[in-house]
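Peer 1: Got a structure for you, questions after.
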Amino acid sequence: MKKLVVLSGAGMSAESGLRTFREMGGLWEEYDVYEVASPGGWQKDRELVLRFYNERRKQLLEAEPNAGHLGLVELEKFFEVWIVTQNIDDLHERAGSSRILHLHGEIRKARSTADPSLVYDIEGWKLEEGDLCEKGSQLRPHVVWFGETLPEAPLAAALDLSENCDLFLVIGTSSMVQPAASLPRYALRSKIFTIEVNPEPTQISEIANEYIQSNSGIALPKLLEEMKKYL
Ligand code: BV8
């Protein structure tokens, strides 16, 4: 089976009702990113950081995967699909995608501040001051903050996949955050046909082989129909 790699961003989850970051009404309009998504912010006011992620986790528990997520699951009938996501939600999992790499962590997991190898599932939507790991240290959201390095294994796998696949799909990302934003460039440099799906043009739109100016929930089912003609 041919290999399809998908790089997804917050726009993938927008139609499930989860806020994106850099659009009108986005999260970074309401919060100072460095106060709620950086080690400095955690040092300064971890109650605020815990609250920021609790609110998003609560929203996530009330959200469902959308037609875009389900379209990617459907594509597994025709391709070996790998989802490389910047998203920390679990909507790709809940939709049923079978190969998912989280570059920026997972909001429904918590990790020890004393020993990062200790990672726990969060029951419900709250992670609070006083929630401790087995070694007695405070738990933090298991996500990659700005200024923190990405988890090695998923990033290495994503880089390799971006240069060794048959088709590369970039969906719902403003392509502003590194190193994830460089993945489509690796695919293009390896002459891999690259398609972008986004209602707004990004720096990738003009270099992709194809740019589909549309919401993912509309474009993916359509793309699926198109692909079925050639398979
Ligand atoms: C790193 C997890 C090495 C948390 C996130 C100065 C100091 C320190 C670092 C840097 C620096 N300058 C640059 C850096 C590197 C920095 C970076 O890239 N900064 C940028 C912003 C300038 N990167 C890092 O820090 C990374 N680590 O480099 O380590 C290092 C170490 C020390 C010092 C230097 C380097 C870590 C980056 C990870 C940060 N964590 N998230 C959380 O989620 O709370 S990033 C965050 O942005 C999310 O993960 C998100 O996924 C990601 C990217 O955003 P998008 O997904 O693209 O979302 P956005 O809102 O931007 O766009 C949505 C898009 O969807 C839009 O285009 C819209 O049109 C589209 N859309 C809307 N609706 C739909 C749609 N598309 C389709 N369908 C729809 N319906």
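Peer 1: Based on the Cβ-Cβ distance of GLU64 and ASN164, what FRET efficiency does E = 1/(1 + (r/R0)^6) give at R0 = 30 Å, to the nearest 0.05?
Peer 2: Working: r = 33 Å, r/R0 = 1.10.
Efficiency, from the Cβ-Cβ distance: 0.35.
Peer 1: Over 27 Å between C-alpha atoms is what I'm after, so list which of LYS58/LYS222; LYS44/LYS126; LYS44/LYS109; LYS77/LYS191 land there.
Peer 2: Check vs 27 Å cut-off fails for LYS58/LYS222.
Peer 1: From Cα pairs below 8 angstrom and at least 6 apart in sequence, can you work out the relative contact order of the chain, rounded to a whole percent?
Peer 2: Value for the chain: 23 percent.
Peer 1: For a quick check, take a GNM of the chain with Cα springs below 10 Å and name the residue from ARG140, ARG108, ARG46 with the largest mean-square fluctuation.
Peer 2: Result for the chain, Cα springs under 10 Å: ARG46 fluctuates most.
Peer 1: Here's another thing I want to ask about it. Taking the simple approach of a point 7 Å from Cα along Cα-to-Cβ for both ASP121 and LYS2, what is their distance in nm?
Peer 2: Simple spin-label model gives 3.7 nm for this pair.
Peer 1: Which sequence of LEU18, LEU61 reflects their accessible areas, 1.4 Å probe, from the largest down?
Peer 2: So, going from the largest accessible area down, we get LEU61, LEU18.
Peer 1: OK, next. Using label points projected 7 Å from each Cα along Cα→Cβ, tell me how many nm separate ASP45 and ARG99, to one decimal.
Peer 2: 4.4 nm
Peer 1: For a paramagnetic label modelled at 7 Å from the Cα of GLU129 toward its Cβ, which residues of the stretch 30-53 fall within the zone defined by backbone nitrogen distances under 17 Å?
Peer 2: What the label zone holds, given the 17 Å backbone N cut-off, is 36, 41-53.
Peer 1: Further question: How much area per residue is accessible in the stretch 54-188 when the probe is 1.4 Å and only protein heavy atoms are counted (Å²)?
Peer 2: That works out to 43 Å² for each residue.
Peer 1: Could I ask something else about it? Please enumerate, by chain and number, the aspartates and glutamates with C-alpha under 20 Å from the C-alpha of LYS135, excluding those fewer than 8 residues away in the same chain.
Peer 2: The qualifying aspartates and glutamates are ASP115, ASP121, GLU123.
Peer 1: Please report the carbon-and-sulfur percent of the accessible area for the stretch 1-79; probe 1.4 Å, protein heavy atoms only, DNA, RNA and ligands left out.
Peer 2: After summing per-atom areas, the C and S share lands at 51 percent.
Peer 1: Just to confirm the number: angle between the C-alpha axis of helix 152-163 and the first principal axis of the chain, 0 to 90 degrees, nearest 10?
Peer 2: The angle comes out at about 10 degrees.
Peer 1: Report relative contact order for the stretch 3-65 in percent, whole number only (criteria: Cα-Cα under 8 Å, sequence separation at least 6).
Peer 2: Contact order relative to length: 26 percent.
Peer 1: With a 1.4 Å probe and all protein chains kept in place, how much accessible area does ARG94 have, in Å² rounded to the nearest 10?
Peer 2: Spelled out: ARG94, probe radius 1.4 Å, area about 90 Å².
Peer 1: Compute the FRET efficiency between GLU76 and PHE146 as 1/(1 + (r/R0)^6), taking r as their Cβ-Cβ distance and R0 = 45 Å, and round to the nearest 0.05. Show your work: numbers first, answer last.
Peer 2: Details: r = 33 Å, r/R0 = 0.73.
After rounding to 0.05, the efficiency reads 0.85.
Peer 1: In nm, what is the difference between 0.36 nm times the number of residues separating SER182 and ALA114 and their Cα-Cα distance?
Peer 2: Full-extension gain reported as 21.3 nm.
The values are calculated or read from the model by the stated rules, or taken from the named source; none is laboratory data. For clarity, every value in this text was computed on a predicted model and none was experimentally measured. FYI the Cβ positions are ideal-geometry reconstructions off the backbone, even for glycines, and counts take in every protein chain you see. SASA here: full protein model, heavy atoms, side chains in, ligands and nucleic acids out. Shrake-Rupley method; radii C 1.70, N 1.55, O 1.52, S 1.80 Å.
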